[in-house]
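For reference, the structure is listed below as structure tokens.
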Amino acid sequence: MTVRLVVVSHSAKIADGAAELAAQMAPDVLILPAGGTDDGRIGTSLEKVMAALEQASGDGVVVLTDLGSAVMTAESAAEFAADPDSVLLADAPLVEGLVAAAVAAQTGADAAAVKDAAEAVYRPPVHPAEAEHVHQQPPDATGDFELVNQAGMHARPAAKIAGGLSAMDADVTVNGADGASMTELMMLAAGKGTVLHVEASGPDAAKAVGYLERLVGSGFGEP
Amino acid sequence: MGLDVGWAVRWLTLSAQAMAEHRVELIELDRPIGDSDHGENMDRGFKAVMDKLAEAPPETPGAALKLTAMTLMSKVGGAAGPLYGTAFLRAATALGSTSDIDAATLATALQAARDGIVARGKAESGDKTMVDAWTPAIEAAAATAGDGDVRKVLLAAAEAAEAGAVSTDPMLARKGRASYLGERSIGHRDPGAVSSALILRAAAGAAE
């Protein structure tokens, strides 16, 4: 079982399209679109969202929303849900947040970690120089790994790294970028041959560095 | 004499009539600062409420407001759905199973409705939203509840809500779709504050 995702948008096309896009990177994750009103207009429907939450209930549900009233409808639906505490609303951009959440759910992360993966997309990138100021303590584990796959760091590897790390209890930076943020990793624009310097702190620091060593060393399973 | 389920049904019926009568006005208000669907959405929502009331006549005022809450949340479509839905739901919860609402209970229920809107929409006074109609309304209700006259409470709330709606004209929108317009939202009246004043005026009319 994995965490299920519900997409609440004013537009049925947006909800369907975002779900379709995210499903491409997370084939085993149930992603339910709940867009538009009952009669096919632009808007949000409590009934549609409640039905999706019902269908998604089980191992935790994370909800992604678009504009204002989608958030309010999702909050209302969550209050009516059989187990309101199992429904988490992610405060994240819909498309990027959904993709990051789907990737995290695919790797088996729990609902809180899936929500966090979505919201990590939102956080402004920390400038490496500032990051060094913040991390006064030496990291618990480090490693340097060379990108060996042809395409280097693109969307799929970034998603794998961010997804896997979001399920671990560790703060990880990769060349200064937040390892749990797919967008920050992609912004490194690291090509084949680039050495990734990994610094990890927290209980799962060694596990996180080991995870990156295997992932990068195997070329993310790509040529 | 307090307010009974007959009052609640009359209130909702007068609200539905007001939304139908002011549909175009609310659309015109929403056009420059929103997505010009508020009049349409409110009219559709309250028409659906009328259908539900006819299907299953409620036995208490609280039951009537709860039915209204669920219907508006499902049928309105825009932000007004969850906002008014939460307002009616919280008011229904505050009323419980009472069949005779006194002035103090009425003021408490109106306060619960306003608090529900604030909790759902996270707007504060001065943000150019329906909260700017509801907050003066509940203050006026609380100030008059001591006299024990429910009609006086409802009239005071309606008048304060109407003044509150007018007070949104010079405000800079900080919540909802209008907030994307920034300075350009100044000089327009908030459609949610206007529909709130209409609904509270209907509540007073139903008690006459």
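The values are calculated or read from the model by the stated rules, or taken from the named source; none is laboratory data. The shown structure was predicted, so the numbers you read here are calculated from the model rather than taken from an experiment. Here Cβ is always computed from backbone atoms with ideal geometry, including for glycine, and neighbour counts include all displayed protein chains.
Odds and ends about this structure:
- Positions within the stretch B:15-50 being part of a loop (DSSP other than H, G, I, E, B) and modelled with pLDDT under 95, in sequence order: B:G34, B:D35, B:S36, B:D37
Every residue, every condition in (1) more than 14 Å from chain A (Cβ to nearest Cβ); (2) over 22 Å from B:A202 (Cα atoms); (3) surrounded by 16 or more Cβ atoms within 10 Å (Cβ to Cβ); (4) not basic (K, R), yes or no:
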residue	(1), (2), (3), (4)
B:T129	no, no, yes, yes
B:A140	yes, no, yes, yes
B:T144	yes, no, yes, yes
B:A161	yes, no, yes, yes
B:K175	no, yes, yes, no
B:G182	yes, yes, no, yes
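- Checking each residue in the stretch A:35-45 for being outside any strand (DSSP E or B) and either surrounded by fewer than 24 Cβ atoms within 10 Å (Cβ to Cβ) or under 25 Å from the mean Cα position of the chain (by Cα) (or both) picks out A:T37, A:D38, A:D39, A:G40, A:R41, A:I42.
- Only one of the numbered conditions (1) free of Cβ contacts under 8 Å to residues at least 60 places away in the same chain; (2) over 27 Å from B:A178 (Cβ atoms) is violated by B:W11, and that is (1).
- Single match in B:S167, B:S74 (criterion: surrounded by fewer than 21 Cβ atoms within 10 Å (Cβ to Cβ) and either free of Cβ contacts under 8 Å to residues at least 40 places away in the same chain or in contact with a helix residue (DSSP H, G or I) (Cβ under 9 Å, 6 or more places away or on another chain) (or both)): B:S167
- Filtering the stretch A:26-47 to residues that are aliphatic (A, V, I, L, M) and within 14 Å of another protein chain (Cβ to nearest Cβ) leaves A:A34, A:I42, A:L46.
- A:A22, sole failed condition from (1) within 21 Å of B:A80 (Cα to Cα); (2) more than 13 Å from every other protein chain (Cβ to nearest Cβ): (1)
- Leading residue by the ranking (farthest from the other protein chains (Cβ to nearest Cβ)) among those in the stretch A:51-90 that are aliphatic (A, V, I, L, M) and over 23 Å from the mean Cα position of the chain (by Cα): A:A82
Yes or no, residue by residue, for (1) touching a His at 6+ places or on another chain (Cβ under 6 Å); (2) away from chain A (no Cβ under 11 Å); (3) touching a residue at least 12 places away in the same chain (Cβ under 8 Å); (4) closer than 27 Å to B:G34 by Cβ:
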site	(1), (2), (3), (4)
B:A79	no, no, yes, yes
B:P82	no, no, yes, yes
B:G96	no, yes, yes, no
B:S99	no, yes, yes, no
B:A104	no, yes, yes, no
B:A113	no, yes, yes, yes
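- From B:V131, B:V118, B:V150, residue being under 29 Å from B:E59 (Cα atoms) and within 17 Å of the chain's Cα centre (by Cα): B:V118
- Selection from the stretch A:31-67 of residues that are modelled with pLDDT under 95 and farther than 18 Å from A:A12 by Cβ: A:E54, A:S57, A:G58, A:D59, A:G60
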